[in-house]
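The values are calculated or read from the model by the stated rules, or taken from the named source; none is laboratory data. On a predicted model such as this, the values are computed, not experimentally measured, just so you know. In this analysis, Cβ positions are derived from the backbone assuming ideal geometry, glycine residues included, and neighbour counts consider all displayed protein chains. Ligands, DNA and RNA are excluded from the accessible area calculation, which covers all protein heavy atoms including side chains. Shrake-Rupley method; radii C 1.70, N 1.55, O 1.52, S 1.80 Å.
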Amino acid sequence: MTIQKLSIIIPAYNEARTIHLILDKIKAVSLINDIEKEVIIVNDCSKDDTEGAVYQYSASNPDLNIQYFKHEVNKGKGAALHTGIAKATGEYLIIQDADLEYDPAEYNDLLKPVINGFADVVYGSRFMGSNPHRILFFWHTIGNRWLTFASNMFSNLNLTDMETCYKLFNTKLIQSIKLREKRFGFEPEVTQKISRVPKIRIYEVGISYYGRTYEEGKKIGWKDGVRAFYCIAKYGIFKSK
């Protein structure tokens with residue numbers, strides 16, 4: 001598979017303090033085969049100066065291709081991803097949170113199964129391999145594992161980390177799928193729908209995880225976990241479109 005451009009989709013909500021740091025990391029990455037980077041930032045109506053931080057960074061770093069979009073009302077992470085996916089022009093796209101929990105230096109690890117001709121979709125698993133991961137919340141981890149288990153039951157996949165941020169998709173493929181979930185239900189919905197694509201080739205690779213506490217800005221909570229179980233039932237058991 002020849003990839004000329006990778007679109008990097010960043011949903012951002014109140015990330016003015018850290019978004020320049022993740023953009024520095026993205027800029028520093030040299031993608032294999034000299035793949036071009038297209039950074040698509042979708043500001044989901046932040047209450048802080050995320051917009052100003054993006055404009056300032058873009059002006060100071062004209063060599064990094066940054067495309068900026070803004071929601072005039074807060075719609076949720078999933079809705080921001082829908083916007084970013086629709087705007088992507090690379091052959092493949094990857095999802096990147098605006099915080100510092102995931103390391104862009106590992107993009108090449110996710111790209112290799114695609115470039116070598118094995119994969120159409122690659123998930124980055126926080127629960128595989130020997131990569132470093134921060135030790136944080138016991139019940140959060142148990143919840144992630146149960147969500148992945150439930151998702152696997154109805155998708156007939158054997159993923160280890162359905163809830164991971166790092167998901168690498170063939171752009172035309174993901175753009176052809178109707179996605180509805182506007183918040184954190186994006187993860188189970190897209191997994192169930194991708195699993196039903198005929199002859200889809202899905203791979204996992206181990207990634208690092210530098211998790212944040214809620215004091216440091218983590219946003220997902222138990223209510224999002226409940227919604228994720230609902231989405232697994234909706235799109236997995238009942239196969240809603």
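Here are the numbers:
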{"quantity": "Unique residue being out of contact with any Pro (no Cβ under 7 Å at 6 or more places or on another chain), open to solvent by less than 60 Å² (accessible area, probe 1.4 Å) and assigned to a loop (DSSP other than H, G, I, E, B) when the list is Leu110, Leu179, Leu173", "calculated": "Leu179"}
{"quantity": "Filter pass, Val54 being modelled with pLDDT of 95 or more, part of a strand (DSSP E or B), open to solvent by less than 30 Å² (accessible area, probe 1.4 Å) and under 29 Å from Asp224 (Cβ atoms)", "calculated": "no"}
{"quantity": "Tabulated pairs, segment 70-86, first surrounded by fewer than 21 Cβ atoms within 10 Å (Cβ to Cβ) and at pLDDT 95 or above, second part of a strand (DSSP E or B) and not polar (S, T, N, Q), C-beta under 8 angstrom, 6+ apart or interchain", "calculated": "Lys70/Val42; His71/Val42; Thr83/Val42; Thr83/Phe69"}
{"quantity": "Candidate set: segment 150-170, residues that are of a type in the set (A, V, I, L, M) and in a loop (DSSP other than H, G, I, E, B); chosen: the one least open to solvent (accessible area, probe 1.4 Å)", "calculated": "Met162"}
{"quantity": "Residue within segment 35-46 that is assigned to a helix (DSSP H, G or I) and within 30 Å of Met128 (Cα to Cα) present", "calculated": "no"}
{"quantity": "Check on Gly90, assigned to a loop (DSSP other than H, G, I, E, B) and open to solvent by less than 10 Å² (accessible area, probe 1.4 Å)", "calculated": "yes"}
{"quantity": "Residue within segment 185-201 that is touching a strand residue (DSSP E or B) at 6+ places or on another chain (Cβ under 6 Å), in a loop (DSSP other than H, G, I, E, B) and among the aliphatic types (A, V, I, L, M) present", "calculated": "no"}
{"quantity": "Residue satisfying all of: in segment 19-33; free of Cβ contacts under 8 Å to residues at least 60 places away in the same chain and over 16 Å from Ser7 (Cβ atoms); surrounded by the fewest Cβ atoms within 10 Å (Cβ to Cβ) among these", "calculated": "Ser30"}
{"quantity": "Test result for Ser125, crowded, with 16+ Cβ neighbours inside 10 Å, more than 21 Å from Glu181 (Cα to Cα), within 18 Å of the chain's Cα centre (by Cα) and among the polar types (S, T, N, Q)", "calculated": "yes"}
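A quick yes/no check of all residues on (1) in contact with a Leu (Cβ under 6 Å, 6 or more places away or on another chain); (2) at pLDDT 95 or above; (3) more than 20 Å from Ser7 (Cβ to Cβ):
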position	(1), (2), (3)
Ile95	no, yes, no
Ala98	no, no, no
Leu110	yes, yes, no
Pro113	no, yes, no
Ala119	no, yes, no
Gly124	yes, yes, no
Phe127	no, no, yes
